[in-house]
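Q: Quick one: structure below, then a few questions.
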Amino acid sequence: MKKYKVGIIGATGAVGQEMIKILGERNFPIEELRLLASARSEGKIVPTPFGDITVHETTDNSFDGLDIVLGAAENDTAVKFAPAIKAAGAVFVDNSSAFRLDENVPLVVPEINPEDALKHNGIIANPNCSTIITLVAINGINRLSKIGSLTASTYQATSGAGANGPKEMFAQTASLLAGEPIDDPKVFQHQIAFNLIPQIGGFGENGYSSEEMKLQNEGRKIMHLPDLKVSCTCVRVPVERSHAISAVVVTEDYLDLDDVRKAIAEAPGAKLFDDGDKKEYPMPIVTSNQDIVYVGRIRRDLVHENGINLWCCGDQVRKGAATNAVQIAELLIK
Ligand code: A2P
């Protein structure tokens, strides 16, 4: 079997570390794994399933000979190095939001639009974490009847803000439990321990945050539903891992709830977890450290005649970021 030379930019971060683990778990055929980060991490040795690997500072010369580069850093880093990755002849599977809405860049959830990945021009974008989790949950419904609108509220874990997110939450929690004052928040806008923050990203002119608009803009592109209307509120919650989403989808046709449950149970990447009598519904402590999106609390919406109300939850570091990127890379080597 052919083996591939793979690089990871942001290999020391929350998503990059998970990518390393997942490449190993999924037996990705690795000839070389090149770990790249900022100058701060130069020389750091990281244990991986492929042996101990030294991290190097990312420069324009970092990509020679690579087949695939997985991006797990911020937008500015992705934009800075995309030309050098292209010049080196590698395909860039990027987790930042920099290229997601570029019409020359496919935006891919392998369970939904795998065929788009092969139309790339050197870059494939990995969607927003809440978007991936929500779309995997509702894709089965869309196959029954086209979704026209989606109203959602997200409950997003602190690790979505990077490795320093949970650290800030735990430090604040320890201080508050000890009756001590907390340090000024650095990662989040406000204290996150014992609190909820209804802001992820900056606010636009329409009053929605950048994170809230991603569900509509990225959802339209991934599901090939250009007229999809999405209204969303994104909230940071004091949870370590796994985002949860409350969603109402309105379909063209009136759907039978049993058909909806069956479609979700059969949808790739989704798991029906919906038995109120057994207190079975998706929760972060149930869904973390796995790749499946759990879907439950399925019921008829009481506002829209064709509306279905549901609750879904998935590990945003894995399926919402690292696993999805590795799955895209797998599409490239098939
Ligand atoms: P480093 O650890 O050297 O700062 P997280 O999202 O968990 O905060 O991680 C961000 C990742 O992006 C880290 O691996 C970080 O590396 C990396 N990173 C930050 N700035 C750069 C840069 N200018 N070039 C390459 N990687 C960067």
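The values are calculated or read from the model by the stated rules, or taken from the named source; none is laboratory data. This is a predicted model, so every value here is computed, not measured. Counting neighbours? That spans all protein chains shown, and the Cβs are built from the backbone with ideal geometry, glycine included.
Q: Only residues that are touching a strand residue (DSSP E or B) at 6+ places or on another chain (Cβ under 9 Å) and closer than 27 Å to Ile328 by Cα: list them for the range 267-287, please. Lay out the reasoning, then the answer.
A: Our first condition is that a residue be touching a strand residue (DSSP E or B) at 6+ places or on another chain (Cβ under 9 Å); within the range 267-287, this holds for 267, 269-276, 280-284, 286-287.
Listed by number, the residues that qualify are Ala267, Gly269, Ala270, Lys271, Leu272, Phe273, Pro282, Met283, Pro284, Val286, Thr287.
Q: Pick from Arg241, Arg236: which is of a type in the set (D, E, K, R), surrounded by 20 or more Cβ atoms within 10 Å (Cβ to Cβ) and touching a helix residue (DSSP H, G or I) at 6+ places or on another chain (Cβ under 6 Å)? Before you say what the answer is, go through the steps one by one.
A: Numbers: Arg236 fails: touching a helix residue (DSSP H, G or I) at 6+ places or on another chain (Cβ under 6 Å).
Only one candidate qualifies: Arg241.
Q: Quick check, is Pro83 touching a Leu at 6+ places or on another chain (Cβ under 8 Å) and over 20 Å from Val15 (Cβ atoms)?
A: Values: touching a Leu at 6+ places or on another chain (Cβ under 8 Å): no; over 20 Å from Val15 (Cβ atoms): yes.
When the stated conditions are applied, Pro83 does not pass them.
Q: Specify which of the listed residues (Ile8, Ile30, Ile22, Ile53) is in contact (Cβ under 8 Å) with a residue 12 or more places away in the chain, under 18 Å from the mean Cα position of the chain (by Cα) and more than 13 Å from the ligand (Cβ to nearest atom).
A: Numbers: Ile8 fails: more than 13 Å from the ligand (Cβ to nearest atom); Ile30 fails: under 18 Å from the mean Cα position of the chain (by Cα); Ile53 fails: under 18 Å from the mean Cα position of the chain (by Cα).
Checking each option against the conditions leaves just Ile22.
Q: Got a sec? Which of Ser175, Ser246 is modelled with pLDDT of 95 or more, of a type in the set (Ser, Thr, Tyr) and not in a helix (DSSP H, G or I)? First the steps, then the outcome.
A: Details: Ser175 fails: not in a helix (DSSP H, G or I).
From the options Ser175, Ser246, the qualifying one is Ser246.
Q: Turning to a different aspect of this structure: What are the residues in the range 117-172 that are among the aliphatic types (A, V, I, L, M) and within 19 Å of Val93 (Cβ to Cβ), if any? Reasoning before the result, please.
A: At the first step, the residues of the range 117-172 found to be among the aliphatic types (A, V, I, L, M) are 117-118, 123-125, 132-133, 135-138, 141, 144, 147, 150, 152, 157, 161, 163, 169, 171.
If the condition is that a residue be among the aliphatic types (A, V, I, L, M) and within 19 Å of Val93 (Cβ to Cβ), then Ala117, Leu118, Ile123, Ile124, Ala125, Ile132, Ile133, Leu135, Val136 are the ones that fit.
Q: Of the numbered conditions (1) outside any loop (DSSP other than H, G, I, E, B); (2) surrounded by fewer than 20 Cβ atoms within 10 Å (Cβ to Cβ); (3) among the charged types (D, E, K, R), Glu212 fails exactly one; give the number of that condition.
A: Of everything listed in (1) outside any loop (DSSP other than H, G, I, E, B); (2) surrounded by fewer than 20 Cβ atoms within 10 Å (Cβ to Cβ); (3) among the charged types (D, E, K, R), Glu212 misses just condition (2).
Q: Taking only the range 178-205 into account, find how many residues are of a type in the set (Phe, Trp, Tyr) and either part of a helix (DSSP H, G or I) or more than 30 Å from Leu225 (Cβ to Cβ) (or both). Let's see the steps before the verdict.
A: Taking the range 178-205 first, the residues of a type in the set (Phe, Trp, Tyr) are 188, 194, 203.
Applying the additional criterion that residues be either part of a helix (DSSP H, G or I) or more than 30 Å from Leu225 (Cβ to Cβ) (or both) yields 188, 194.
Going through the range 178-205 one residue at a time, the tally reaches 2.
Q: Here's a follow-up. How many residues does the range 72-91 hold that are out of contact with any Gly (no Cβ under 6 Å at 6 or more places or on another chain) and near the ligand (Cβ under 9 Å from one of its atoms)?
A: 5
Q: Just one of Ala14, Ala37 is aliphatic (A, V, I, L, M), within 9 Å of the ligand (Cβ to nearest atom) and at pLDDT 95 or above; which is it?
A: Details: Ala14 fails: at pLDDT 95 or above.
None of the other options fit; the residue is Ala37.
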